[in-house]
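Engineer: Questions regarding the structure given below will be posed in turn.
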Amino acid sequence: MDSDVIDWNEVWKETLEKQLKSNRNVDCATIWYSKENARRFWRMFQDEKSREITGKRIEGMKLSPDSRVLDIGAGPGTLAIPISQRVAHVTAVEPSEGMISVMQENIKEYGIENIDPVHKDWEAVDVESDLSAPYDVVFASYSLGMKDIRTSVQKMLDASSKYVYLYWFAGETSWDMHSRKLWPLLHGSEYQPAPKCDVLYNVLYDMGIYPNVNVFPFEHVHRFATLDEAVEDLKSYYNAKSDSQEAILRGYFEGVLEKDNGALIQRGWSTRVKMWWEKTN
């Protein structure tokens, strides 16, 4: 092999390992172990604007009433629940205890009978024994914190009979920007962002996959009743555990959060990417 050839899967893996190290070995799924955090996440996507965005994402998939769908990193059912009302079956894979607990509550509340929750990390899932493959549509929506992305994508291909959709990030996000400023104060080190869509695209390219690519801006608003509530929610994102770290977080976001009708809001932004392709033999 040419020594100048880049192994993009290794680039992904090394970048993710650096991020994990900079975050004191706390991965993104740990944020959602808390049931209250998971409930807050669900509520955040229930306002009119968020429902409209979710609807557009669903409309952008090739779904039909007889489709069988696999949602990887399903969270509290943000997409799985509305999708279940349009298709025959959804398998929803989710590793975090808080998220899958809230998803199961939502399934019961909405009286849904065609979602099968699977409480596992995608990298630990066995397609034959844990799933009911094949699926017409397989997707992972902002849930690609997988160490071996090549193997993870291959497993998605193994589970799919038609389409695969991946959603991820391009460039710096608002939380990357905040983290860059906060990490030296909170942890005494530089912040390491997760690998972005450029690495993912090259991994797919090396696998012989040439996906359709859509790039779009995304803005969202986190709403909090009080500064205490904001700090309680945000400390998981920034791995702030001690009283001194919480004080730093409080001081920082006191200057960032905006007042809005008696509440506090945090405006977030990012550039997002949808990559999708039809599986061929």
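The values are calculated or read from the model by the stated rules, or taken from the named source; none is laboratory data. None of the values given here were measured: they were computed from a predicted structure. Heads up, the Cβs are rebuilt from the backbone with ideal geometry, glycines too, and the neighbour counts pull from every protein chain shown. For the accessible areas, the whole protein counts, side chains as well, though only heavy atoms, and no ligand, DNA or RNA atoms are used. Shrake-Rupley method; radii C 1.70, N 1.55, O 1.52, S 1.80 Å.
Engineer: From the list ALA230, ALA247, which one is assigned to a helix (DSSP H, G or I), more than 22 Å from LEU16 (Cβ to Cβ) and modelled with pLDDT under 95?
Structural biologist: Sole residue among the options that is assigned to a helix (DSSP H, G or I), more than 22 Å from LEU16 (Cβ to Cβ) and modelled with pLDDT under 95: ALA230.
Engineer: Which pairs turn up if I take residues in region 176-187 that are closer than 13 Å to ASN239 by Cα and open to solvent by 40 Å² or more (accessible area, probe 1.4 Å) and look for partners that are outside any helix (DSSP H, G or I) and acidic (Asp, Glu) with beta carbon separation below 9 Å, at least 6 apart in sequence or on another chain?
Structural biologist: Hits for this filter: PRO184/GLU190.
Engineer: Give region 53-110 a look and list any residue that's open to solvent by 20 Å² or more (accessible area, probe 1.4 Å), under 16 Å from SER132 (Cβ atoms) and not acidic (Asp, Glu), or say none.
Structural biologist: ARG68, ALA88, HIS89, listed by residue number.
Engineer: Just one of LEU227, LEU166 is hydrophobic (A, V, I, L, M, F, W, C), open to solvent by less than 60 Å² (accessible area, probe 1.4 Å), in contact (Cβ under 8 Å) with a residue 12 or more places away in the chain and farther than 25 Å from LYS259 by Cβ; which is it?
Structural biologist: LEU166
Engineer: Go through region 247-281 residue by residue and tally those that are among the β-branched types (Val, Ile, Thr) and open to solvent by 80 Å² or more (accessible area, probe 1.4 Å).
Structural biologist: Total satisfying the criteria: 1.
Engineer: Also, I was wondering about something else. Report yes if some residue within region 134-152 is farther than 18 Å from ASP71 by Cα, surrounded by fewer than 22 Cβ atoms within 10 Å (Cβ to Cβ) and within 17 Å of the chain's Cα centre (by Cα); otherwise report no.
Structural biologist: The answer is yes, given that some residue of region 134-152 is farther than 18 Å from ASP71 by Cα, surrounded by fewer than 22 Cβ atoms within 10 Å (Cβ to Cβ) and within 17 Å of the chain's Cα centre (by Cα).
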